[in-house]
1. Order 57, 136 by their accessible area, 1.4 angstrom probe, all chains in place, largest first.
2. Can you give the FRET efficiency to the nearest 0.05 for residue 15 and residue 203, using r as the Cβ-Cβ distance and R₀ = 51 Å?
3. Using a 7 Å offset from the Cα along the Cα-to-Cβ direction at both residue 38 and residue 25, what is the distance between the two label points in nm, to one decimal?
4. Pull out the extension gain between residue 181 and residue 154, defined as 0.36 nm times the separation in residues minus the alpha carbon to alpha carbon distance; nm, one decimal.
5. Between 35, 187, 142, where does the largest GNM mean-square fluctuation fall for the chain, given springs only between Cα atoms within less than 10 Å?
6. Can you tell me the relative contact order of segment 1-148? Whole percent, Cα pairs under 8 Å, sequence separation 6 or more.
7. Can you tell me the relative contact order of the chain? Whole percent, Cα pairs under 8 Å, sequence separation 6 or more.
8. With just the Cα atoms of segment 1-129, tell me how far they stretch along each of the three principal axes, in Å, largest first.
Amino acid sequence: MKKLSSTAGLLNTLKLPGAANCLEDEIEKAKCNSTSYMDFLDSLLQGEIAYRKEKKMKRNLAGAHFPVEKTLRSFNFKLCKGLTEKQIKDLLDFSFIDNHENVLLLGPPGLGKTHLAIAVSYEAIHAGYTVCFERMSNLIKTLKTVDIHRKSAFRINRILKCDLLIIDEIGYSPIDRKEANLFFNLTSEMYERNSIIVTSNKNFNDWAEMMGDDILTTALLDRLLHHSHVFSLNGDSYRVQNQKKEV
């Protein structure tokens, strides 16, 4: 046991905590299976890789700032028109992230746009991508305070470095010209460098009124739509349907 502790200590000193954690189990397996030295070493290093992947995934989940956990299994595609389960599952090869393409989910409140955005993003994190989730209102606040609050600057820096940004609830609250410019500058900087998932209750024709500037809106949509997958959802609100059931 003393030798085991010593070896585990050496692995930790070399910053291989995953290998240190599974060392005793791998030794027992090697004894039972008469494993070769090479196979033993391979299993030990595989344990370290698995540990690092798990740690990275947990770190990415925490950094994403998801408000709730949502999965595709819990989404009822039969109650939502405008997209199919296959269309969403086709996104799960994540070529849209690799190609820096965007996904836009449009439609009235209560159809599950945020649910879908979070569910796809959860799968992306499990596939090794980095994700940030921001409601539009909070994103604007963060952009406005980036020069005076270290926390805001850190968050925007993380957003610019992430593989996928979810901007939720565009259109629920109007923004002024200064805020619109800040938002445009962010999306311009991410254009063809990162992927964005947008959820909005507004049609594109209504975005100019929301942004308060026709020219700026045209330029923004030009960047968002250039490489994109657009889904226009329709149907009855899930919340309304649940209330009817309860009644």
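The values are calculated or read from the model by the stated rules, or taken from the named source; none is laboratory data. Fair warning: this is a prediction, and the values are worked out from it, not measured in the lab. When we count neighbours, we look across all protein chains shown, and the Cβ atoms used for this are built from the backbone with ideal geometry, even at glycine. Quick note on the areas: whole protein, heavy atoms, side chains included, nothing else; ligands and nucleic acids left out. Shrake-Rupley method; radii C 1.70, N 1.55, O 1.52, S 1.80 Å.
1. Details: 57 35, 136 10 Å².
Sorted descending by solvent-accessible area, the residues read 57, 136.
2. 0.45
3. 2.5 nm
4. Details: separation 27, 0.36 × 27 = 9.72 nm, distance 2.01 nm.
So the chain would gain 7.7 nm between residue 181 and residue 154.
5. 35
6. Values: 93 pairs, mean separation 35.7, N = 148.
Computed over segment 1-148, the figure is 24 percent.
7. Working: 334 pairs, mean separation 59.2, N = 247.
Computed value for the chain: 24 percent relative contact order.
8. Over segment 1-129, Cα extents along the principal axes are 65, 28, 28 Å.
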